[in-house]
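The values are calculated or read from the model by the stated rules, or taken from the named source; none is laboratory data. Here the structure is a predicted model, which is why all the values come from computation and not from measurement. When we count neighbours, we look across all protein chains shown, and the Cβ atoms used for this are built from the backbone with ideal geometry, even at glycine. Surface accessibility is based on the protein's heavy atoms, side chains included, excluding ligands, DNA and RNA. Shrake-Rupley method; radii C 1.70, N 1.55, O 1.52, S 1.80 Å.
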Amino acid sequence: KQNELCVWVISGITRAEAMEVLSEEIPHLQRYMDTGQLQVFSHKEWYLSGGNFDGQNALDAALNKYSEALFRKHAGLRITGNLFWLDQSDWRSFMEYENRLNNAVQNCRLLAICAYGESKHIMDNIDDVVNTHKYVLAKTDGSWRTRTLASE
């Protein structure tokens, strides 16, 4: 509705399941899909295109989508995905990618939402998640809490 290019990187569900959920929530979904304003990618397509996680490829994908959004005269880019697929062995390189992405898009019209699961390796590294994101929304003891980095 805001004329933004919207990208959803899915994990744990199929594209068909994602489309079913979206069709229940978004009027005229097919129009957005047909025009390319809404694009759905699997985490394998987005993050693991070469078979393994490569931060530079993921950064290039995000920056290319932002350029596409501007070229197509969109107001900006919204991108969301979950990181349930992220393995402990890729943790450090993924956090480096997230920091590089944050630096690259500081002055861009881009909103990214990252959903992390409650796996042991994510909980063991929760400080990385909190320190890598400008805003954090977390459910703790049944209550939702927000955090904004002090430097903002």
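Using the eigenvalues of the Cα gyration tensor, what equivalent ellipsoid semi-axes result for segment 52-152 when each is taken as the square root of five times the eigenvalue, whole Å, largest first?
Working through the eigenvalues yields semi-axes of 24, 17, 12 Å.
Can you give the accessible area of Thr140 in Å² (nearest 10), computed on protein heavy atoms with a 1.4 Å probe?
Spelled out: Thr140, probe radius 1.4 Å, area about 50 Å².
If you add up the charges near Leu83, with Lys and Arg at +1 and Asp and Glu at -1, over every other residue whose beta carbon is less than 11 angstrom from its beta carbon, what do you get?
Net of charged neighbours comes to -3.
To the nearest 20 Debye, how big is the dipole of segment 18-148 about its Cα centre, given +1 on the beta carbon of each Lys and Arg and -1 on that of each Asp and Glu?
So the magnitude is around 560 debye.
Relative to 2.2 N^0.38 Å, what does the C-alpha radius of gyration of segment 1-56 come to as a ratio? Two decimals please.
1.25
Mind pulling up the Rg/Rh value for segment 1-113? Radius of gyration and Kirkwood radius, both on Cα.
0.97
Working out 0.36 nm times the residue gap between Thr80 and Ala18, then minus their Cα-Cα distance, what length gain in nm do you get to one decimal?
21.1 nm
Per residue, what volume in Å³ does the convex hull of the Cα atoms of segment 59-110 enclose?
Per residue, the Cα convex hull of segment 59-110 comes to 74 Å³.
To the nearest 10 square angstrom, what accessible area does Asp87 show with a 1.4 Å probe?
Per-residue accessible area (Asp87): approximately 80 Å².
Using the Kyte-Doolittle scale, find the helices of the chain whose mean hydropathy is at least -1.0 and whose Cα atoms extend 18 Å or more along the helix's long axis, counting only whole DSSP H runs.
Those that pass (Cα extent of 18 Å or more, hydropathy at least -1.0) are 55-71.
Solvent-accessible area per residue for the chain at a 1.4 Å probe radius, Å²?
63
Could you tell me the accessible area of Arg31 in Å² (1.4 Å probe, neighbours in place), rounded to the nearest ten?
We get 130 Å² for Arg31.
On the protein heavy atoms, probe 1.4 angstrom, tell me the percent of accessible surface of segment 3-152 carried by carbon and sulfur.
Whole-percent figure for carbon plus sulfur exposure: 51.
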